[in-house]
There are 2 protein chains.
Amino acid sequence: MEDKNEKLHNLRHSLAHLMAAAVLELYPETKTTIGPVIEDGFYYDFEFSSPISDKDLPKIEKKMKEILKSWKEFSHEEKTEKEAKEFFQDNEYKIELINDISDKKEKITFYTCGNFTDLCRGGHLENPTKEIKDGCFKLDRVAGAYWRGDEKNKMLTRIYGLAFETKEELEKYLNQREEAKKRDHRKLGKELDLFHIDEKVGSGLPLWHPRGAMLWRIIEDFWYGEHIKNGYDLVRSPHIGNRILWETSGHWGFYNASMYPPIEVGQTLEEKQQNKKAEISEEYLLKPMNCPFHVQIFKDTPKSYRDLPVRWAECGTVYRFEKKGELSGLTRVRGFTQDDAHIICRKDQVENELKKVIDFILFIYKAFGFDIGTVKVFLSLRDPENKNKYAGNDTGWNFTEEVLRKIATEKKLDFTEEKGEAAFYGPKLDFKIKDALGRLWQCSTLQFDFNLPERFDITFTNQKGEQERTYMLHRALFGSFERFIGLLIEHYAGAFPLWLSPVQVKILPISEEKHLDYAREIFKNLKENNIRVELDESSESLSKKIRNAKMQKIPYLIVIGDKEKESKKLTIESRNNEKIENISVEEFSTKLKKEIEEKK
Amino acid sequence: MEDKNEKLHNLRHSLAHLMAAAVLELYPETKTTIGPVIEDGFYYDFEFSSPISDKDLPKIEKKMKEILKSWKEFSHEEKTEKEAKEFFQDNEYKIELINDISDKKEKITFYTCGNFTDLCRGGHLENPTKEIKDGCFKLDRVAGAYWRGDEKNKMLTRIYGLAFETKEELEKYLNQREEAKKRDHRKLGKELDLFHIDEKVGSGLPLWHPRGAMLWRIIEDFWYGEHIKNGYDLVRSPHIGNRILWETSGHWGFYNASMYPPIEVGQTLEEKQQNKKAEISEEYLLKPMNCPFHVQIFKDTPKSYRDLPVRWAECGTVYRFEKKGELSGLTRVRGFTQDDAHIICRKDQVENELKKVIDFILFIYKAFGFDIGTVKVFLSLRDPENKNKYAGNDTGWNFTEEVLRKIATEKKLDFTEEKGEAAFYGPKLDFKIKDALGRLWQCSTLQFDFNLPERFDITFTNQKGEQERTYMLHRALFGSFERFIGLLIEHYAGAFPLWLSPVQVKILPISEEKHLDYAREIFKNLKENNIRVELDESSESLSKKIRNAKMQKIPYLIVIGDKEKESKKLTIESRNNEKIENISVEEFSTKLKKEIEEKK
């Protein structure tokens, strides 16, 4: 694995040199700067004397291929600072780099291949001509980039290249990238009219349109139903809480940076205008998590060993202040709805509760069409060298880490242990699932918490009549609704299975005049059968209506024309272009219900 | 009606005099102050020389009855300021009142009956002895009250009396009050373990316990289902929005006082500590209503006349900063969930939309067990003398007021027109429903809005291809979930119909050892049939188990003993003490499902 990575790195690094050589041959006025390897290839930043664009890339690529023929080997030489500066005397960027190397008392080395020499630390192919396979690289795009990433510096021109060991690998990458672009939930969110993010409302605060809100409701309904079946109870909590609550929980302190600042109430308008503190005031905070509220519900009445376990679930919308630059569609937002639950139990119940949660998680993945064989699990443990930075005690940590390991093994999870990766409050299991493109998405989490039970003094009366500390588990199956819906959109490329489709059937009358009445009858019939059906009443042509409906990835289209009206039989076209003819509305209804039931 | 009211007023006023006379005979050191008539009787504020309590009330009442025998008529006399002050020379309260009357250049009058004379404006019975019926009044309670309601003044002792024309009316009132106390949703909320309000979390921010959250979910599910049937779509919006949004809507301005102050983001900790404004900042506000978000969803894509009407519903939790002293249980809160919807439509659709909403409102009342014959409706119109204080124009107002009146008449609503009661943004219909005790509760509302369509410039492309202003309706059926659940608790005195009961059946095994296993079988069976069932696994005696379950108003109890275990037939006891014997679990399940279906 290491070798393959090193070889790929050297390939990409050699290509960065090759690109710089080609650029200098084509644009001799150009100043070279730096050219590192990146995830899918390489780039090189240049100062061009006149701007270039994506249109110039084929020319550069062609030149690279020409030069490559003569690139048989890299040679290198150590240089003194003076020699190096002389060589790059007109290039202030290289001079700056040479100064940095000298300051660090490191060796200055030049690498040469063909006619091109560059300041470089090495790491190239032995024989580029031989080792760089036909069609294994491609120049990708031109972008602006500040020298050293600092916006106070000059803007340079960056050329990105893609490179893999073989042509096939490059093509696979390009296809996958193309596919990922098509599936981008931000793009599909717009096309399918699911949601939008409105700068007037606020960054990272999605607004859900009717189809998106319906998708959400379908998922939520399913989620609730399964939670009831699995012995959970629901609870509900507000979106703000007095700062005292967050001081008790400890979030106000170590978690400040991720929270929206407090809302100070009690301040008069005058005090506000004069920036004065209110005489009598309270501060409220938008909740970044639901836990302290659930704890307060637990503590409202004393609990006995017979009352445990409690399993309390809430789809609670929480708010965290992520940096604007880090926000992205539904996957990084500022307001998101955790499908949260807390399990508060006795020590002797922990193992059974963990098993149940893991079964539940895997059940949910299956229900939403993920291959549970590809689920990756991470067991985060504390850093045994730094025990004092964690809440809880040795006994608790040893017990919970051991039981997590035991259950993960028993349940045959594909898990990796990560020492030092646990939160300060307890060890955890994180679950990542693979989507249809093979990309991993962080999803479920199952975490012990030693912090809140201590801080809120959560206890129950045990069989001996003594107060005993409870165990507490946080868990989320989806993680958040927003993120999970983002994942579903990309996983299904917007073509949700029937049970999840916000619109399951669209009826397309051929002629408004002749077929609309009958189309309305069919519409009414299906709606009464709880099918999510829409009727296209636009004045578009049939082919346009079909195109629109297929773009919206609606599973079934019913075309109503003379034939259908007379025969009282339907013609159905699926989004996959399958046709069903001569079916009665009752038969079609039954077929749909069966398919919904089977979650196909 | 007027006469009856005046008579009752005079009766109560005379009783206030009579009570003061009795107090002075029993406690001659007492200073009298004022004694007005109130909703259910009267009170009088005294300065006693030593404190009295509720225990002293029977003695005072007895004395009143004694004195009453000699109270044949009230006489009155006009006094000069000097005469009046001489009479009350040791009573600084009366002196203050006399000064006030003089300042206003009003007449000073003394009224006398029996041996008691008081400063008074009149309004008494002609012959108290004859007109005050046996048992028609009752001293109620003692409370503290500041002189003139100002906490800077001395604390006086207030004695409240209840008084009605007849003994029967008083008894009816007392019974009803007793019943209302038993039904108080704050009391039942605790007994039924539905919710609590936690000062650590914040005033007016209820936390919903499992049973309360289940009740909520049942109502919400029903609500959503009916909305889908009625052609609504769902939308979802966040709980905060950029201040810009609220400036556009106009809420930031005229509605400030009811909103939580802004959350200023971007301020660094240093700026915060030094009370400095942030260099770059945004302000977010907790939403006091959902409308502007729905408007932004509407405006995300251009709309044509064919896209209208849109009917967009959201159970959106909003936050309004009510004064602490005004908060009360679930009926006055700071965070509440509106069962909100907005209808955006063309003028030619308004009438039909109104009809549909009114039918929907009445359907919902019926479904929740209210008598729609007792619904009172208020049509709020603008003040025609003050047209300039309203958004919108004459044409719009005339049309919408007229159409509301027309539809209210057609739908045979029992409605009252209230001029000048409309909000500045449009006319509305408010619906009040009567609960089981005959008390009116503000519930649904149906409001036109001329403000938001103007401020957000909401338009659609009409058939001529021109941009045309839409009509906009706000409506809520429940008003808010919190308030409506409060009402339901009091209406049903906590004994919810089966379909609403958070726990529908409780299984009570007689012996833990002998019957628990079989009880678990029954539990599993009913749960698989989607019955909300609980199993009492406590070690209490059967009679205690039954008592607990009945206090929780659980509709059906299943007692499992030897007989039931052997015969495989159940014995059911309902909360109304009806018994069903020898029924199989399947038969019982079917019976329950039927009852749930029928919403009885």
Task: Selection from B:Thr80, B:Leu162, B:Gln504, by position along the positive dipole direction of chain B (Cβ) - done: B:Gln504
Open item on the list: At 20 angstrom or more along the helix axis (alpha-carbon based) and mean Kyte-Doolittle of -1.0 or higher, what helices does chain A contain? Whole DSSP H runs only.
Closed with: A:2-26, A:210-229, A:350-367, A:394-410
Open item on the list: Rounded, prolate or oblate for segment B:70-213? Axes are the square roots of the Cα gyration tensor eigenvalues, ordered a ≥ b ≥ c, and the cut-off for rounded is a/c under 1.5.
Closed with: oblate
Task: Spatial extent of the protein assembly as shown: Rg and Dmax, with the Cα atoms as the point set, Å - done: 38.0, 131
Open item on the list: 7 Å from Cα along Cα→Cβ at both B:Ser511 and A:Asp394: what's the point-to-point distance in nm?
Closed with: 4.9
Task: Teacher prompt: B:Glu351 distances to equivalent labels in other copies, 7 Å Cα→Cβ, nm - done: 7.4
Task: Number of partner chain Cβ atoms within 10 Å, mean per residue of B:211-217 - done: 4
Open item on the list: Starting from 0.36 nm per residue, how many nanometres of slack lie between A:Lys347 and A:Arg148 once their C-alpha separation is accounted for?
Closed with: 66.2 nm
Task: Förster-model FRET efficiency, 51 Å R0, B:Ser50 and B:Asn525, C-beta, rounded to 0.05 - done: 0.15
Open item on the list: What does the structure give for B:203-210 when I average, per residue, the other chain Cβ atoms found within 10 Å of the residue Cβ?
Closed with: 6
Task: For residues of B:191-201, the mean tally of beta carbons on other chains within 10 Å - done: 4
- [ ] Rounded to the nearest Å, what's the spacing between the alpha carbon centres of segment B:389-422 and segment B:520-537? Just the number, please.
- [x] 52
Task: Translational diffusion coefficient (Stokes-Einstein; Kirkwood radius from C-alpha pairs) of chain A at 25 °C, 0.890 mPa s, in µm²/s - done: 84
Task: Within straight-line cross-link reach of B:Lys324, lysines at Cα separation under 23 Å, skipping those fewer than 8 residues along the same chain - done: A:Lys272, A:Lys276, A:Lys277, A:Lys287, B:Lys152, B:Lys181, B:Lys187, B:Lys190, B:Lys200, B:Lys287
- [ ] Can you work out the PRE-style zone for A:Leu8? Point 7 Å along Cα to Cβ, and I want the residues of segment A:421-462 with backbone N under 19 Å.
- [x] A:434-435, A:437-441
Task: Share of carbon and sulfur in the accessible heavy-atom surface of the protein assembly as shown [1.4 Å probe, %] - done: 47
- [ ] Could you sort B:117-129, B:445-457 so that the peptide with the highest average Cβ count within 10 Å comes first and the rest follow in order?
- [x] B:445-457, B:117-129
TODO: Could you list the chymotrypsin sites (Phe, Trp or Tyr not before Pro) in segment A:124-201 that lie in coil according to DSSP, counting only those with at most 15 other Cβ atoms within 10 Å of their Cβ?
DONE: none
Open item on the list: Going 7 Å from Cα along the Cα-Cβ axis for the label, what nanometre distances separate A:Asp184 from the same residue across the other copies?
Closed with: 6.0
Open item on the list: List the GluC sites (Glu not before Pro) within segment B:3-62 that DSSP assigns to loop and that have no more than 15 neighbouring Cβ atoms inside 10 Å.
Closed with: B:Glu29, B:Glu39
- [ ] One decimal, nm, shortest first: give the distances between the label point of A:Glu468 and those of the same position in the other copies, each label point 7 Å from Cα along Cα→Cβ.
- [x] 7.2
Task: segment B:157-171 residues near the modelled B:Lys133 label - backbone nitrogen below 12 Å, point 7 Å along Cα→Cβ - done: B:164-171
Open item on the list: For the pairs A:Lys568/A:Lys600; B:Lys69/B:Lys167; A:Lys599/B:Lys594; A:Lys366/A:Lys419; A:Lys553/B:Lys299, flag any whose C-alpha to C-alpha distance is greater than 20 Å.
Closed with: A:Lys568/A:Lys600; A:Lys599/B:Lys594; A:Lys366/A:Lys419; A:Lys553/B:Lys299
- [ ] Using 0.36 nm per residue of separation minus the Cα-Cα distance, give me the extension gain between B:Lys387 and B:Lys229 in nm, one decimal.
- [x] 53.0 nm
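The values are calculated or read from the model by the stated rules, or taken from the named source; none is laboratory data. Keep in mind it's a predicted model, so treat the numbers as computed, not measured. Don't worry about glycine lacking a Cβ; one is built from the backbone with ideal geometry, like all the others, and counts go over all protein chains shown. Note: areas computed on protein heavy atoms with side chains; ligands, DNA, RNA excluded. Shrake-Rupley method; radii C 1.70, N 1.55, O 1.52, S 1.80 Å.
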